[in-house]
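One structure is given here, and the rest of the page talks about it.
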Amino acid sequence: MKQTLVILLLTFFSGLQAQNISYGDKFPFNPESEKEAQFVLADNYNTYLFSQINEHGMQSQHDIILRKFDQKNALVDTFSFEFPGMGASTLYNFLGMYERNENQVVAYTHGYTGKTDKMEVHEIVFDKTTDAFTSRLVFTHAIESNSKSGDLSFRISENGHFAALVYTPYAKRKEPKNTIVHVYNTTNGDEVWSNEVVFDDTTEKHVAVTNSGNVLLVRIEKGFKAETNQVIEVTSAGMKQLAFPEKTALFEPKVFSIGSQDYFIAFYEDKSFGVSAGKFNRLLMYSITDQKVLNDNKVEALTQYKSLTDFSPAEITDVKISELIFKDESIYLVLESMYKAGTVEKPMYAGSSATIEQDLIKYGVGYVLQMDMAGKVMNATTLKTSVGMLPEISNSLGIINVQGDFYINTGWYYGLYKPSQLNDLDDEYGRKLFGYSMLSDYGVFVNQLMHYSPDSRILKLARYHRDNTMSLMDLSNFPN
């Protein structure tokens, strides 16, 4: 009997897999120049780290960069591609990127120059099967000058199926504004439709793309006392202004779908009494399909900001809806706040030697709001995150799907949580700590840099070091 019990115990413990941490070597990474860092094109053998450099001035550099790592997180190759331009006088903007498929990553860049009075948008594709970049011109337009080059936005739909370019050329005051819209299929980059619409008395505030491939424009009345936003839906056939409550000034809307219906969720300022009643304390869910507000919530959670960070709610400059999670007949909104932390001198525009004092914005506290499927807020949780993270290197949190469970990475001190565990933040249960110290060379988490491989059950993370280097880390057998 004893021998049988020993055999059973040995069999049981041999079936348990230890959770190990392995570290890759350091590699150069300067957060002051490299932006948009994220893992892409990962498989069981290699991982790629995407970033872009867009620096103007005497030592200008404008490159898309892909670093390739092996199974031991060792850097094996680096590929770079210079933004396409129109000569030495070209000024550049990086517009955005996405993964087209398991082999290709796509980036969009914008170049313009007053020397030839022209702007261009290029699509750049990296293919890991050939280790090569290709590029093509997708849009061009005349401009008046560098400072009068117009406004350009690039957005990807929530389902990843559509990309949109929205360009408004410069127009003098009191002149109508023509807005040019191009929508592309992300699977091959082909244009799905394009249209040009005209506006007389509003200016563009926000742009979004619906999962059905239409473009949503939030526009604001001209003038200092502008109070009500217009919500415009642009399609291949034209445009329509959606019915929307007066005295409502929207912040960036998060567009999504439930079945065949399109919706958005957005914070807003209530200006019913002629003045703001407070920023980011009201949240609405709107049906684009039915043109009506489904729920309008007063959100109290953000008023906890001062007690956690010593910054008052009035100093919150933005609240970003980072992720929508649909689970158990609920919608979870994962939020990141940003706040003003002083001022900094920045160029007036790309390539300008003249500077202007601008607000220094840092990441602050995170939040999770639980809503029902009609947009009513049922629960709100304030996350304990590492306050003060600079956008140049790390968000206040990262989000990843691990075998159907979403984990939120809140940094070197607080670790990983599931949304279902967020009400027990004072309890160590469910918390995954990795033992990094901000005072040592082990580095600090870059919270948004995470990748999970279900085949190998490896969670890949990244850490930044003070000597302008980065290294990758694998946590095996996750979750244990």
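The values are calculated or read from the model by the stated rules, or taken from the named source; none is laboratory data. For clarity, every value in this text was computed on a predicted model and none was experimentally measured. Quick reminder, even Gly has a Cβ in these numbers, built from the backbone with ideal geometry, and neighbours come from all protein chains shown. What goes into the accessible areas is simple: the full protein's heavy atoms, side chains included, and nothing from ligands, DNA or RNA. Shrake-Rupley method; radii C 1.70, N 1.55, O 1.52, S 1.80 Å.
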Tell me yes or no: at least one residue of the range 106-123 is within 30 Å of N20 (Cα to Cα) and out of contact with any Asp or Glu (no Cβ under 7 Å at 6 or more places or on another chain). no
Of the residues in the range 186-213 that are under 28 Å from Y268 (Cα atoms) and among the hydroxyl-bearing types (S, T, Y), the one that is most open to solvent (accessible area, probe 1.4 Å) is S212
If you check N73, N103, which single one turns out to be farther than 28 Å from I180 by Cβ and open to solvent by less than 40 Å² (accessible area, probe 1.4 Å)? N73
When the residues of the range 157-185 are filtered to those that are loosely packed, with under 15 Cβ neighbours inside 10 Å and in a strand (DSSP E or B), which remaining residue is modelled with the lowest pLDDT? N178
What are the pairs with Cβ atoms under 9 angstrom where one residue, in the range 38-67, is touching a residue at least 24 places away in the same chain (Cβ under 8 Å) and among the basic types (K, R) and the other, located anywhere, is surrounded by fewer than 18 Cβ atoms within 10 Å (Cβ to Cβ) and not in a strand (DSSP E or B)? Sequence gap at least six, or different chains. none
Criterion first (under 27 Å from the mean Cα position of the chain (by Cα), of a type in the set (A, V, I, L, M) and closer than 15 Å to E99 by Cα) does I156 satisfy it? yes
Out of all the residues in the range 246-265, is one or more under 27 Å from E336 (Cα atoms), acidic (D, E) and crowded, with 20+ Cβ neighbours inside 10 Å? yes
Cross-chain or 6+ apart pairs with Cβ under 6 Å, the range 146-160 first and aromatic (F, W, Y), then assigned to a strand (DSSP E or B): F154/L95; F154/G96; F154/Y108; F154/L165
For the range 106-120, how many residues meet the condition of being open to solvent by 10 Å² or more (accessible area, probe 1.4 Å) and either of a type in the set (A, V, I, L, M) or outside any strand (DSSP E or B) (or both)? 4
From the set of residues in the range 461-473 that are in a strand (DSSP E or B) and open to solvent by 10 Å² or more (accessible area, probe 1.4 Å), which is farthest from F39 (Cα to Cα)? T469
Would you check if there is a residue in the range 118-133 being polar (S, T, N, Q) and over 26 Å from V40 (Cβ atoms)? no
Matching residues, the range 266-282, being at pLDDT 85 or above and either open to solvent by less than 20 Å² (accessible area, probe 1.4 Å) or not basic (K, R) (or both): A266, F267, Y268
Filter result for the condition that a residue is at pLDDT 80 or above, open to solvent by less than 50 Å² (accessible area, probe 1.4 Å) and touching a helix residue (DSSP H, G or I) at 6+ places or on another chain (Cβ under 8 Å), over L369, L333, L383: L369
Can you report the number of residues in the range 121-135 which are open to solvent by 40 Å² or more (accessible area, probe 1.4 Å) and touching a His at 6+ places or on another chain (Cβ under 7 Å)? 1
Considering every residue within the range 296-314, establish whether at least one is of a type in the set (D, E), under 23 Å from A249 (Cβ atoms), modelled with pLDDT under 90 and surrounded by fewer than 16 Cβ atoms within 10 Å (Cβ to Cβ). yes
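Yes or no: F434 aromatic (F, W, Y) and at pLDDT 80 or above? Before the answer, list the steps.
Working: aromatic (F, W, Y): yes; at pLDDT 80 or above: no.
No; evaluated as a whole, the condition is false for this residue.
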Taking the options N30, N44, N73, name whichever one is at pLDDT 85 or above, under 19 Å from Y464 (Cβ atoms), over 24 Å from the mean Cα position of the chain (by Cα) and in a loop (DSSP other than H, G, I, E, B). N73
